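The values are calculated or read from the model by the stated rules, or taken from the named source; none is laboratory data. Since the model is a prediction, treat every value here as computed from it, not as a measurement. Here the Cβ positions follow ideal geometry from the backbone for every residue, glycine too, while neighbour counts run over all protein chains shown. The area values use the complete protein model at the heavy-atom level, side chains included, leaving out ligands, DNA and RNA. Shrake-Rupley method; radii C 1.70, N 1.55, O 1.52, S 1.80 Å.
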Amino acid sequence: MDGYPGVIGGDSTKHQERHYYLLSELQTLVKDLPSSFQQRLSYNTLSDLALALIDGTVYEIVQGLLDIQHLTEKNLYNQRQKLHCEHQALKQDLARKHKEALQSCKSHNLALLKSNHQAEQEALEIRVREEQRMMDKKIVAEIDQKVIDQQNTLEKAGVPGFYITTNPQELTMQMNLLELVLKLQQKESQSGIL
């Protein structure tokens, strides 16, 4: 079905045709979702989603949110990698320091030196674990905030099914709705409709 521009003017017939086309495509795409989610997506929800998609703005919003999400994930991954590299460097420095100390140690101090090295090693391991735990908590908090931002943006854009929630079932439903939008956008893009 070509001839559906991304933005529809005042022509109500074209608007209605585009709505029916999008609704039909969404109904087809829904069949690929698990049956438990198919049952939760009523005709009205799909119809409202089709209406929200008519002018292409939601596609642009979703793409923008996806781009921001990818940049955030990459940034968080890089922060985690940087911390990991810093920890590796600390461990290597400590091992080098211990090796040098062992080489210059008098035999009567060896037991005390090994005991001190063990304590330093354990302290470093505790520090590394704690810093990793704090970094992971920070990452989870940032991702959670990004989800809230996305939900808020999509709710304000009038996309049905989107509101701020932490309920796992509702989050899965929202992810399924986003999957439908992305698949439909891809299909329209490939067929030249967008």
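Per-residue answers, yes or no, for (1) touching a residue at least 60 places away in the same chain (Cβ under 8 Å); (2) in contact with a strand residue (DSSP E or B) (Cβ under 8 Å, 6 or more places away or on another chain); (3) of a type in the set (V, I, T):
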| residue | (1), (2), (3) |
| --- | --- |
| A52 | yes, no, no |
| G56 | yes, no, no |
| E60 | no, no, no |
| H98 | no, no, no |
| Q103 | no, no, no |
| E122 | no, no, no |
| E125 | no, no, no |
| V140 | no, no, yes |
| K146 | yes, no, no |
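Condition (residue is assigned to a helix (DSSP H, G or I), over 30 Å from Q145 (Cα atoms) and among the charged types (D, E, K, R)) applied to segment 66-82: is it met by at least one residue?
No, segment 66-82 contains no residue that is assigned to a helix (DSSP H, G or I), over 30 Å from Q145 (Cα atoms) and among the charged types (D, E, K, R).
Conditions tested, residue by residue: (1) open to solvent by less than 60 Å² (accessible area, probe 1.4 Å); (2) farther than 30 Å from E125 by Cα; (3) within 27 Å of the chain's Cα centre (by Cα).
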{"position": "E25", "(1), (2), (3)": "yes, yes, yes"}
{"position": "R40", "(1), (2), (3)": "no, yes, yes"}
{"position": "D67", "(1), (2), (3)": "no, yes, yes"}
{"position": "T72", "(1), (2), (3)": "yes, no, yes"}
{"position": "D93", "(1), (2), (3)": "no, no, no"}
- [ ] Say whether the condition of being more than 15 Å from the chain's Cα centre (by Cα) and assigned to a helix (DSSP H, G or I) is met by at least one residue in segment 137-148.
- [x] yes
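Residue check: is H108 open to solvent by less than 50 Å² (accessible area, probe 1.4 Å) and farther than 30 Å from H70 by Cα?
So H108 does not fit the description; no.
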TODO: Select from segment 164-190 the residues that are over 17 Å from the mean Cα position of the chain (by Cα) and among the hydroxyl-bearing types (S, T, Y) and list them in ascending order.
DONE: S189
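Which residues, taken from segment 145-177, are open to solvent by less than 60 Å² (accessible area, probe 1.4 Å), out of contact with any Phe, Trp or Tyr (no Cβ under 9 Å at 6 or more places or on another chain) and among the aliphatic types (A, V, I, L, M)?
Within segment 145-177, V147, I148, A157, V159, L171 qualify.
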